[in-house]
Amino acid sequence: MIQKSILDLKRGVLLYHVWVYQAYHEISAKYKRTVLGSIWISGAMVATSLALAIVMGGIQNQDIRVVLPYVMAGIMCYTLIGTYIMNEAPEVFMSSANIIKNHSYPYMYYILESFAKTFFIFLHNIVAFYIALLLLGKFVVPHWSLVLGVPAVFITAVLWGSLTSMLAARYRDMRFMLPFIGQMIFFLTPVFWHAENMTGWREHLVRFNPFYGLIEILRAPLLGEMAPLLAWQQVGVVICLGLVVWSFFFGAFRGKIAFWV
């Protein structure tokens, strides 16, 4: 089973020239003949971040120049990993049902292509993020640990994204339940609020929330800082657990995906 999983992943990775092109083409084609082109992708992130920064800055009595970078980085990092696993990935196999039934692409190809689209959106958001930092006079050089955080998030998204996609293909109700759970996780994760503000039993929302670590290993470097040790510990556990679960379940049930969709 493990060999089958690794072989499927290897075949999918070797098709990188296909899924990278397809991901970029789908994004660029949507904004064809517009003035700003694919920069419009960042519009929702900027608008949501600005609204939350105004509200949270007022609640916490903080300058918006301090709150806005934190909120923007949190939202764009959660979109990359949290929204992908809970919202985007469950639709991958179902949306590609016709192709899966008629072509013999490796199943991981579809996962890699879908995450590539999410990653391209993340790159657009980074541009908007640093433009905002320049306008606010808060520009900082990213911390070197970003080069470790991006691969860690990529591995996590591919492993757990393929599992949620399989789960949604087998149990159709999960296609609708997982996005609702993802919406709850968004508010229960330090995306626009600070982890140190939680006391008592609410500290567990940070300590045992793997999405906190996945967000923080990207957000902290983008803000010029090193992510706390707790964040890296959480990510290490998530990746190790993901490798074990993915190796077993993907190898055991990948042959049934074509029948499930």
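Numbers at a glance
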{"item": "Vicinal HN-Hα couplings computed from phi for segment 59-75 (Karplus, 6.51 cos²θ - 1.76 cosθ + 1.60; Hz; Gly/Pro x)", "result": "5, 8, 6, 10, 5, 4, 5, 8, 6, 4, x, 5, 5, 4, 5, x, 5"}
{"item": "Alpha carbon convex hull of the chain, projected area averaged over orientations, nm²", "result": "14.8"}
{"item": "Rounded to 10°, Cα long-axis angle of helix 107-136 versus longest principal axis of the chain", "result": "10"}
{"item": "Alpha-carbon spread of segment 155-261, three principal axes, descending order, Å", "result": "47, 25, 25"}
{"item": "Cβ charges +1 (Lys, Arg) and -1 (Asp, Glu), total dipole of segment 183-256, debye", "result": "380"}
{"item": "Assigned charges on the beta-carbon of Lys, Arg, Asp, Glu; the chain dipole about Cα centre (debye)", "result": "700"}
{"item": "Cα convex hull volume per residue for segment 72-214 (Å³)", "result": "123"}
{"item": "Cβ-based charge dipole, the chain, positive-most Cα from 28, 54, 192", "result": "28"}
{"item": "Within the chain, helix-based [θ] at 222 nm, where runs of 4 or more DSSP H residues each add -39,500 (n - 2.57), nearest 500", "result": "-23000 deg cm²/dmol"}
{"item": "Protein accessible area in the chain, 1.4 Å probe - carbon and sulfur %", "result": "68"}
{"item": "Cα long-axis angle, helix 146-170 against the chain (0 to 90 degrees, to the nearest 10)", "result": "50"}
{"item": "Charge dipole (segment 89-213, unit charges on Cβ, about Cα centre) - positive-most of 99, 174, 119", "result": "99"}
{"item": "Estimated FRET transfer efficiency when R0 is 30 angstrom, pair residue 63-residue 202 (beta carbons, to 0.05)", "result": "0.75"}
{"item": "Convex hull projection area averaged over all views, segment 153-212, Cα basis, nm²", "result": "4.8"}
{"item": "Angle between the chain longest axis and helix 174-188 axis [Cα atoms, degrees, rounded to 10]", "result": "20"}
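The values are calculated or read from the model by the stated rules, or taken from the named source; none is laboratory data. Since the model is a prediction, treat every value here as computed from it, not as a measurement. Heads up, the Cβs are rebuilt from the backbone with ideal geometry, glycines too, and the neighbour counts pull from every protein chain shown. In case anyone asks, the SASA skips ligands and DNA or RNA and just uses the protein heavy atoms, side chains included. Shrake-Rupley method; radii C 1.70, N 1.55, O 1.52, S 1.80 Å.
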